[in-house]
Structures are given as C-alpha cells and as structure tokens.
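Only one structure is covered here, and it is reproduced in the block below.
The values are calculated or read from the model by the stated rules, or taken from the named source; none is laboratory data. What you see is a predicted model, and the numbers here were worked out from it, not measured in a lab. Methodologically, a virtual Cβ is constructed for each residue, glycine included, from the backbone with ideal geometry; neighbour enumeration extends over all protein chains shown.
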Amino acid sequence: MVNLAQRVILLKVALLFGMPVLAQPDSNRFQEPLRRMGLLPSDLAIRNDRWETAFTLPFVEGLLQNPVGVPEVIEPMAHRAAGAKSSAEWVRLSAELLLVSTAAPAFSSPAIPLSSHLRSALKKPVGECLTAIARAQTLLDQAVKSVPAKQRGPAVNAWRNVTANQANAAELEPALRKIRGFELAPLVQAAIVLTQAVDRVLPALTSNVGKKSRRLRWHTTLGDVLVAEGAQQEFSSKDLEGVVLLINQSSAVTYAGPVAAASRNQIRLVIDSAKDVTIRCGDSACAGSGEWGIGLLYLPMRGGIKRIEGGNASMGSGLFGVGGLWITGGQVDLSGGSSTQGSGTFGIGFCSVQSSPQAKYRARFAGQGVGFTQGIGLFRHEGDGGQFESGLSVADPREDQAITSMC
C-alpha cells in the first residue's frame, strides 16, 4: 500500500516528467491552463538543446528516456526508503543510485584515547564512534583533496546560487568543468562508516542515560569530544567550536549555535538523547549540514518537543558533502531556508522524522527531498497530520502550484 507521502512523491514525478510526453503542442485541452500560467504550448515540447554535462546519472537518464514508466521505478524505491530502519540503509540506497561502491578500503586507525572520567557504560559506544570518525576522516580527506583548493570556492558559490534560486548558468558551467575529478566514492563510503557506527551504538546510548548533571570535554587528534548529562543542558556557539563528537544525555537541551554543521574536511557527529530539543542557529547552516564535510545529527528519544530553526543548507543538506538529520518521535517543528530538510548536491542530504503526529515543516526553496547534480536528497515524514509550508517566498506569478520551488 502506498502511503500519502509516497503518493505525493509519485505525483510530483508524474508532473515533472510526465507532462512533456503527455502534452502535445496541438492539444486543445492544455490551452487554457497554459494561458493561466503564462506559457505557450511550445514550452511543453521536449527540448533537444539540453545542456550536456559530464555528471549525468544513469538512473536519472533512464527516467528521462521513459517518463511514462517513472512510477513503476519510483514506487518500489519509495517503499524501500520509507521502510528503512537505519540511517545507514539510506546512505546505501543513495550509493546505489549514484553508482558508488559502498566498500571502503581496509586500513587501520590509531586508537583514540578516552577520558578517564567517562562513565563505564559510555566507554564502548563513545570509543566506537571515535574509531568510525578516524576511518571516515581519511576517506573524507581523500574526497576533498580530489578537487584543487582554488576550484572549491567557485564551485560552491555557483551551486549556492542554484540552491538559493539565484542561478547563473554562465557562472555554473565553467565551475562544473573544473571539478570533474571530484571523487564522490570516498565521501559516500565515509558516510557509511559513520552511520553504521551510530546505528550500532544508539541502543546503548538511549538506555544508559546518566542522572548526575555534568559536562566532560577532552581533546583528541580528531578534535574535541564533549559528553553532557543531567536535567538541562545549553550549548553556545563557543561550546560547539572544535567538537567532532558530541553526546548529550540530558532530559532537555538548547543549542544556540551551528550544531552538527561541518565545513571543509570536518566531521561533526552529534547524538542527543534529550526528549526536549531546541536548536536556534539563525541564518547559519546547522542540524546536519555538510559542505566539503560530513555533519550528522541524531535525536533518537521518543516523545517531547523537537524544534529546529536554521538557515540555508540545514537539517540534512550535503553540498560536496553529506548532511543528515534523524529524528525518532516527538512533536517536531522544522524551519529552514533553501537547500534544507533533505537536499543533496555532489553528495547526500537526508532528513527523517518518524512517529511524529502534527509535525510542522517550513522550507523556502529546494528542500524536503531534492537532489541536484550528482546528489541525492531524501525526506521522510511518518505520522498523521503533518503540516508543510514550502515553496518560493516570492512565487513565480506564472504558476500558482509552486512546482518550480522544488519542494
């Protein structure tokens, strides 16, 4: 049985891919709708002047060759994504679509020391996370290094314009040509290493919550590790600086800064077991954002209220990187800008919200499951009564259905 979210996805695909085939220029039944949208019949014709790029995906090319058959291909994939029990399953699905091998090369990582003050129940899960980060860091560095430093900035700026609906084709095309050597495989493999480790340790972290209020921080070769426990915790931007792994086990938490936001060569992994979570990062990227890096945020505790307010490239956004947000239960309220809540460009962005009735989502452009060039964007909402406010804040006057907002 196809749920409502899957039907919406299938409808979007049918509209985006099916109309050019079904609508013929001389079809009278399209004349009035086209007139209301300010379009001509020729606008629906199949374009032969499509911009060719070296970054096409065979999977997507297959869909474009046979738009009428899209539902038959998408429906089982939607079922698979909707039924995923772990974040690693989503990354593996993304790797298949990107035709990227999930098998990371074997190499040894040095042991990362733990604080002697760390509770015994946390030593194994924290140690496993640090081992995974060490392995993933090597792979991430390989992916970033594959593009010369002087080419990274122009490529990111060009794509920021696209994901903010301010595209400049003259700027984008040369930027793309210069990054043809980008190695996507090690980036995806790094994400698999991390998500598999988190999936393994989540049960231990959610069942061994400490009662005593305290905060423990120590430095490693990877970056700082921060472990917090107690009734209430608050983290500022300064608290989050340099933290590669943050594990919070308080009952309630407030973040006033870019939590789980990774920039170049960075890994930012946050596992927060609080029931009540508030994140405010203004216009900054946060809550699972990766730009030439990997940022992952897990909120695995059921119940409570999860409220996140972020800027562009937040809540599961990967731009030459991987960003993920994984929420299990509670009253969820997510508000972001462009390229948010499951958006991927030359990488993977995923946003999963499970067991959350009356969840609220707001996105301005290119969000809630959008993939651009060499990118996969995954979005899942599970629960009755979800409210979606998405689309261009300044709508295209030619069409009132906001199809061009890519949400």
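Going by the conditions given, is Arg364 modelled with pLDDT under 80 and of a type in the set (Lys, Arg)? No; evaluated as a whole, the condition is false for this residue. When residues in segment 79-120 are screened for being more than 30 Å from Thr221 (Cα to Cα) and basic (Lys, Arg), 2 of them pass.
Checking each residue in segment 350-373 for being part of a loop (DSSP other than H, G, I, E, B) and surrounded by 21 or more Cβ atoms within 10 Å (Cβ to Cβ) picks out Ser356, Ala359, Arg364, Ala366, Gly367, Gln368, Gly369, Phe372. For the residues Leu245, Leu269, Leu205, the requirement of being modelled with pLDDT under 95 and under 24 Å from Val322 (Cβ atoms) singles out Leu205.
Inspect all residues belonging to segment 84-105 and state whether any of them is more than 23 Å from the chain's Cα centre (by Cα), over 23 Å from Ser338 (Cα atoms) and surrounded by fewer than 18 Cβ atoms within 10 Å (Cβ to Cβ). Working first, answer last.
Looking only at segment 84-105, we keep the residues that are more than 23 Å from the chain's Cα centre (by Cα), and these are 105.
Going one step further and asking which of them are over 23 Å from Ser338 (Cα atoms), we end up with 105.
After this cut, where a residue has to be surrounded by fewer than 18 Cβ atoms within 10 Å (Cβ to Cβ) as well, the list is 105.
Within segment 84-105, one or more residues are more than 23 Å from the chain's Cα centre (by Cα), over 23 Å from Ser338 (Cα atoms) and surrounded by fewer than 18 Cβ atoms within 10 Å (Cβ to Cβ).
Here segment 274-296 is the region considered, the condition is being in contact with a Phe, Trp or Tyr (Cβ under 9 Å, 6 or more places away or on another chain) and part of a loop (DSSP other than H, G, I, E, B), and the residue that is farthest from Asp141 (Cα to Cα) is Cys281.
Every residue, every condition in (1) surrounded by fewer than 24 Cβ atoms within 10 Å (Cβ to Cβ); (2) part of a loop (DSSP other than H, G, I, E, B), yes or no:
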| site | (1), (2) |
| --- | --- |
| Tyr298 | no, no |
| Met301 | yes, yes |
| Ile308 | no, no |
| Gly311 | yes, yes |
| Ser314 | no, yes |
| Gly324 | no, no |
| Ile327 | no, no |
| Val332 | no, no |
| Thr340 | no, yes |
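How about segment 95-110: which of its residues are outside any loop (DSSP other than H, G, I, E, B) and among the aliphatic types (A, V, I, L, M)? Of everything in segment 95-110, those that are outside any loop (DSSP other than H, G, I, E, B) and among the aliphatic types (A, V, I, L, M) turn out to be Ala95, Leu97, Leu98.
Listed here are the residues, each with its yes/no results for (1) assigned to a helix (DSSP H, G or I); (2) within 29 Å of Leu202 (Cβ to Cβ); (3) modelled with pLDDT under 65; (4) not basic (Lys, Arg).
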position	(1), (2), (3), (4)
Pro25	no, no, yes, yes
Glu61	yes, no, no, yes
Ala84	no, yes, no, yes
Glu89	yes, yes, no, yes
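Could you list, in sequence order, the residues of segment 288-314 that are aliphatic (A, V, I, L, M) and at pLDDT 95 or above? Residues satisfying the conditions are Ile294, Leu296, Leu297, Leu299, Ile308.
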